[in-house]
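K.L.:
Can you read through this structure? Questions will come right after.
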Amino acid sequence: MNKTLPDMKGYFGRFGGRYVPETLMPALEELEQAYAEFKADKRSREELNRLNRTYSGRPTPLYPAENLSRRLGGGRIWLKREDLNHTGAHKINNALGQGLLVKMMGKKRIVAETGAGQHGVATAAVSAMLGLECAVYMGEEDVARQALNVARMKLMGAGVIPVGTGSRTLKDAINEAIRDWITNADTSHYLLGSVVGPSPYPEMVRDFQSVIGHEAREQILASAGKLPDYIIACVGGGSNAMGMFYPFLEDTCVKLIGVEAAGRGISSGSHCATLSAGTVGILHGSKSYLLQDGNGQVASTHSISAGLDYPGVGPEHSFLKDSGRVEYASADDVQALTGFRLLSQSEGIIPALESAHAVYTAARLAEKSGEDTDILVCLSGRGDKDMEIVKPYLEDAIE
Amino acid sequence: MNKIDEVFSKPGSRALIGYVTAGYPDLDTTVKLVRLLALEGCDIIELGIPFSDPVGDGPVIQQASFRALQNGTTVEKCLSMAGYLSSEVSVPLIFMTYFNPVWNFGIKSFVERAASAGVSGMIVPDLPVEESPQLRDPCKASSLDLIYMLSPASSEKRITLTAENASGFIYLMSVTGVTGTRSQIPAGLERVIAGIRRYSNVPVCIGFGISNAAQASSVSRLADGVIVGSRLIQLTEEDPTLEKAGCFIRELKGALADE
């Protein structure tokens, strides 16, 4: 498997690139330069490792979900506990990395988008800790369904700007964040939260998130004495999946499965399963699979989980789909709720609705597998933020 | 000599370029507006093909694009309208749109259809020069100018690269930001224009934020032309009879002629 990508122009095969207004090109060139310096500088890397340890609480544990596995009566499920990170999800891994880059570039202000609010909270936390001004764009619909995260961001000093245009979700929050960045590129850094966007973001965010896969690889070798048979992660933009998969790409005996959100079902048209149902297009700075209509207009999407509710996907995922190295499946809203309940009840771990898509898919796979099958799941975040959303669906369990 | 080159070949003149979002408020009004702009003295008209996610645009053009799409405006309808308009008005028409609608239509067939509709050029704000060969080569084959944008933040290296590849004219954004009206036009454009001039004779037109005759007059001293968009759309909205839009163009035309 080719781990030298992206190429010099920021492409993963035919995907990626840099499709942005000219105004942003100087900022992207500056960022590319800063990131190259960061990678070459041992002190910067050590600083990131130190913050990962002392601020986030890394390494996150690998937990053998024995109750769940026993209940399913098949393969062994292992959970990589990204939900135990500070601020509650894997998003902090990237926010810390880019935060250090912002300091290195001498910029004073951070712009970010957020869907479920997890990236916004991580960015707000890092901004507070590093003494940077922070503006987070968030779709109005997400502001309403993730009120707790809005309050957390504000408490830590971030400005939260509701976005009322378009579908009023993550896609439109990214549009507004890009517009802010275009206007303030000389003073502000866009702390993009997923492996999407123009080069160098897909590569850089993947690298900062790869700490997940590197740790998990060592941990499972130590605990299970072998590599896992399957690795499963949810995919919206795809940052937790990319970070988990990347260190395993060359281990071709390990099957990698990305799980997209099928919303109300792919045939309903009300979903965000980009790799399962999309066609190639250009959105937010890169060429990748995209949910769009026959006229090249970006489609509106739906998922019960705000963090997966996005019509695009990272270009490296598109490349991995076409190459066949990763298989992309999907789970719908109801299945995600099943995964949510299953893990909460069997292990006392409430997963984020995003991660619940991966949990569900892993559970179905475990049922069909033999006892010697090891299934590693990226539990990308915790579900506290989702309690208001799931309440009406899980009344019988909660009341 | 193509129609865009002809516009700039008149000695001493400054071109006035007007932008309209196709399908806003509806396609019939767009046709009327384009005729009016040509009549009142626009030298080039940009027809915006609406896109769902116009990240380079401010609130005015975002809203116009949104409304145009709600009205059912498609690439196909824009091509038909351009074909009709190019037989009605003599000034060159240029398509302005984001890359995805073009990509989705098929680059080669889009360019061929645009050329046969009598369109003279294209502006694609999210296609920087590095990514542009995929569109530039088909444009060349169909004698369409691919018009590049530069900003006050563009480096010498990028100015050179753009100037070397430019045809038609270069669209210089007056500010680093999105489209929209602004009360002041900042300084710093001279550096970029001087940079372009070192490598190319291609005309330079300035747009973004130009909302009155005085601004048009002041930036036209630096450049070969002035582009107006958001203000024109605001006036179309304020006055559906289009009288205000017509007056605005007349004022700008007067201001440019006085230079």
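K.L.:
What number of residues within the stretch A:176-226 satisfy the criterion of being away from chain B (no Cβ under 14 Å) and either open to solvent by less than 10 Å² (accessible area, probe 1.4 Å) or in contact (Cβ under 8 Å) with a residue 40 or more places away in the chain (or both)?
P.N.:
Summing the residues that are away from chain B (no Cβ under 14 Å) and either open to solvent by less than 10 Å² (accessible area, probe 1.4 Å) or in contact (Cβ under 8 Å) with a residue 40 or more places away in the chain (or both) in the stretch A:176-226 gives 25.
K.L.:
Restricting to the stretch B:73-89, count the residues that are touching a residue at least 40 places away in the same chain (Cβ under 8 Å), within 12 Å of another protein chain (Cβ to nearest Cβ) and not in a helix (DSSP H, G or I).
P.N.:
Adding up the residues that qualify gives 1.
K.L.:
Criterion first (modelled with pLDDT of 95 or more and more than 30 Å from A:Ser286 (Cβ to Cβ)) does B:Lys10 satisfy it?
P.N.:
no
K.L.:
Which is within 16 Å of the chain's Cα centre (by Cα), under 21 Å from B:Gly106 (Cα atoms) and not small (Gly, Ala, Ser), of A:Leu275, A:Leu291?
P.N.:
A:Leu275
K.L.:
So which residues in the stretch B:117-135 are crowded, with 19+ Cβ neighbours inside 10 Å, more than 17 Å from the chain's Cα centre (by Cα) and among the charged types (D, E, K, R)?
P.N.:
Listed by number, the list holds a single entry, B:Glu131.
K.L.:
Tell me, which residue of the stretch A:158-175 that is within 12 Å of another protein chain (Cβ to nearest Cβ) and hydroxyl-bearing (Ser, Thr, Tyr) is farthest from the chain's Cα centre (by Cα)?
P.N.:
A:Thr165
K.L.:
Residue by residue through the stretch B:114-148, note down the ones that are more than 14 Å from every other protein chain (Cβ to nearest Cβ), out of contact with any Lys or Arg (no Cβ under 9 Å at 6 or more places or on another chain) and in a helix (DSSP H, G or I).
P.N.:
B:Ala114, B:Ala115, B:Ser116, B:Arg136, B:Asp137, B:Cys139, B:Lys140
K.L.:
Moving to a separate point now. Among the residues of the stretch B:8-27, count how many are of a type outside the set (Lys, Arg) and in a loop (DSSP other than H, G, I, E, B).
P.N.:
8
K.L.:
Next up: Being at positive phi and in contact with a helix residue (DSSP H, G or I) (Cβ under 8 Å, 6 or more places away or on another chain) narrows it down to one of A:His214, A:His284, so name that one.
P.N.:
Within the list A:His214, A:His284, the selection yields A:His284.
K.L.:
Among helices (runs of 4 or more DSSP H) lying entirely in the stretch A:114-160, which contain 2 or more residues that are of a type outside the set (A, V, I, L, M) and open to solvent by less than 30 Å² (accessible area, probe 1.4 Å)?
P.N.:
Per the criteria, A:118-130.
K.L.:
Here's a follow-up. Of B:Ser200, B:Ser143, which residue is touching a residue at least 12 places away in the same chain (Cβ under 8 Å), surrounded by fewer than 20 Cβ atoms within 10 Å (Cβ to Cβ) and in contact with a helix residue (DSSP H, G or I) (Cβ under 6 Å, 6 or more places away or on another chain)?
P.N.:
B:Ser200
K.L.:
Can you tell me which condition B:Ser109 does not meet? The list is (1) within 14 Å of chain A (Cβ to nearest Cβ); (2) assigned to a helix (DSSP H, G or I); (3) farther than 13 Å from A:Gly296 by Cβ; (4) not charged (D, E, K, R), and all the others hold.
P.N.:
(3)
K.L.:
Only one residue in B:Gly180, B:Gly209 is under 15 Å from the mean Cα position of the chain (by Cα), surrounded by fewer than 23 Cβ atoms within 10 Å (Cβ to Cβ) and within 14 Å of chain A (Cβ to nearest Cβ). Which one?
P.N.:
B:Gly180
K.L.:
When the stretch A:75-90 is examined, which residues are found to be more than 17 Å from the chain's Cα centre (by Cα) and open to solvent by 10 Å² or more (accessible area, probe 1.4 Å)?
P.N.:
The answer is A:Arg76, A:Trp78.
K.L.:
Considering only the stretch A:19-56, how many residues are open to solvent by less than 70 Å² (accessible area, probe 1.4 Å) and farther than 30 Å from B:Arg158 by Cβ?
P.N.:
Residues that pass the stated criteria total 6.
K.L.:
May I ask you to say which residue of A:Pro64, A:Pro59 is surrounded by fewer than 19 Cβ atoms within 10 Å (Cβ to Cβ), within 13 Å of A:Gln209 (Cα to Cα) and modelled with pLDDT of 95 or more?
P.N.:
A:Pro59
K.L.:
Let me ask another. Which helices (runs of 4 or more DSSP H) sit wholly inside the stretch B:174-259 and have at least 1 residues that are of a type in the set (Gly, Ala, Ser) and modelled with pLDDT under 90?
P.N.:
Helices (runs of 4 or more DSSP H) meeting the threshold: B:213-220, B:243-258.
K.L.:
Ok, one more. Considering only the stretch B:90-105, state which residues are open to solvent by 10 Å² or more (accessible area, probe 1.4 Å) and either more than 7 Å from chain A (Cβ to nearest Cβ) or of a type in the set (Asp, Glu) (or both).
P.N.:
Residues satisfying the conditions are B:Ser90, B:Val91, B:Met96, B:Tyr98.
K.L.:
Continuing with the same structure: Determine which member of the set A:Arg70, A:Arg145, A:Arg152 is over 16 Å from the mean Cα position of the chain (by Cα), more than 14 Å from every other protein chain (Cβ to nearest Cβ), over 29 Å from B:Gly56 (Cβ atoms) and at pLDDT below 95.
P.N.:
A:Arg145
K.L.:
To continue, here is another question. Determine whether the stretch A:8-15 contains at least one residue that is open to solvent by 10 Å² or more (accessible area, probe 1.4 Å) and either away from chain B (no Cβ under 14 Å) or touching a Phe, Trp or Tyr at 6+ places or on another chain (Cβ under 7 Å) (or both).
P.N.:
There is at least one residue in the stretch A:8-15 that is open to solvent by 10 Å² or more (accessible area, probe 1.4 Å) and either away from chain B (no Cβ under 14 Å) or touching a Phe, Trp or Tyr at 6+ places or on another chain (Cβ under 7 Å) (or both).
K.L.:
Any idea which of B:Asp53, B:Asp26 is charged (D, E, K, R), over 17 Å from the mean Cα position of the chain (by Cα), modelled with pLDDT of 95 or more and open to solvent by less than 10 Å² (accessible area, probe 1.4 Å)?
P.N.:
One residue alone meets the criteria, B:Asp53.
The values are calculated or read from the model by the stated rules, or taken from the named source; none is laboratory data. Please read all numbers here as calculations on a predicted model, not as lab measurements. Heads up, the Cβs are rebuilt from the backbone with ideal geometry, glycines too, and the neighbour counts pull from every protein chain shown. Heavy atoms of the whole protein, side chains included, go into the accessibility calculation; ligands, DNA and RNA do not. Shrake-Rupley method; radii C 1.70, N 1.55, O 1.52, S 1.80 Å.
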